[in-house]
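Please read the structure below before turning to the comments.
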Amino acid sequence: MVKLNRDSTLAFALLGLIWQEPRSGYDLRKFFPSTPMISFSDSPGAIYPALHRLEQRGLVRGHTAQGAGLRRRRIFELTARGRAEFRRWQTQPVMRNDVVRNLDALMLRFAFMDQFAEKGAALQFLKAFHKELAAYIPSLRKYLKSNRQHMPQSGRLALESGIQAYETQLRWTKDALTTYGQATGER
């Protein structure tokens, strides 16, 4: 297993996009601001070092190709090791810590699920995600109830906003489970 600690979410976003089709760093830079993946930095100072680290770890392989005009560009492809590492990341268990700290990474994992994970992985992911959300929300409500009197108004409102966001995510998982359940015949 390859550890991708620094910029891990960006690294896995790059791996997923490169798995879809070989791309240059410039292609990747153009992709982020023109899609819902806009939250990822399209800065050359983020993309190119991340690609370099992925190549050093043997997860992607770059080769130089002739671009439009005289410009040459480096095209990146996923290696077998890169595909294995991406699948491992994508299908790892959903943990409470992921729900609390890494919702964006969870949704990135899910976004690529139908393309690269085994059949049934999305349904399994959604069930685990739903379970963790359903277990976490009551603990937030309990904290709010027991601390409401002592919280500054802005802190209480911020916590209520967070609870509502998790409740929205929980409703989404229910809808997604219904959609996948209908598609697979499972409930």
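Inside segment 107-120, residues that are closer than 13 Å to Ala176 by Cβ and among the hydrophobic types (A, V, I, L, M, F, W, C) make up a count of 4. Criterion applied to Arg72, Arg53, Arg109, Arg61 was being assigned by TED's automatic domain parsing to the domain that holds Phe12 and touching a residue at least 24 places away in the same chain (Cβ under 8 Å), and the one residue passing it is Arg53.
May I ask you to say which residue of Lys142, Lys127, Lys131 is exposed (fewer than 11 other Cβ atoms within 10 Å of the Cβ) and outside the structural domain of Ser39 (by TED's automatic domain parsing)? When all the criteria are applied, what remains is Lys142. All told, Gly162 falls short of being surrounded by fewer than 16 Cβ atoms within 10 Å (Cβ to Cβ), touching a residue at least 24 places away in the same chain (Cβ under 8 Å) and over 30 Å from Glu21 (Cβ atoms). In a residue-by-residue description of segment 75-88, the property of being assigned to a loop (DSSP other than H, G, I, E, B), modelled with pLDDT of 90 or more and surrounded by 13 or more Cβ atoms within 10 Å (Cβ to Cβ) applies to at least one position. Give me the pairs: first residue in segment 117-140 and in contact (Cβ under 8 Å) with a residue 60 or more places away in the chain, second residue small (Gly, Ala, Ser) and outside any loop (DSSP other than H, G, I, E, B), beta-carbon distance under 8 Å, and six or more apart or on different chains, which are they? Taking only residues 6 or more apart or on different chains, the pairs are Leu123/Gly181.
Looking across segment 46-69, just one residue is more than 24 Å from Trp89 (Cβ to Cβ) and either of a type in the set (Ser, Thr, Tyr) or part of a helix (DSSP H, G or I) (or both), and that is Thr64.
The values are calculated or read from the model by the stated rules, or taken from the named source; none is laboratory data. None of the values given here were measured: they were computed from a predicted structure. So basically every Cβ, Gly included, is an ideal-geometry build from the backbone, and we count neighbours across all protein chains shown.
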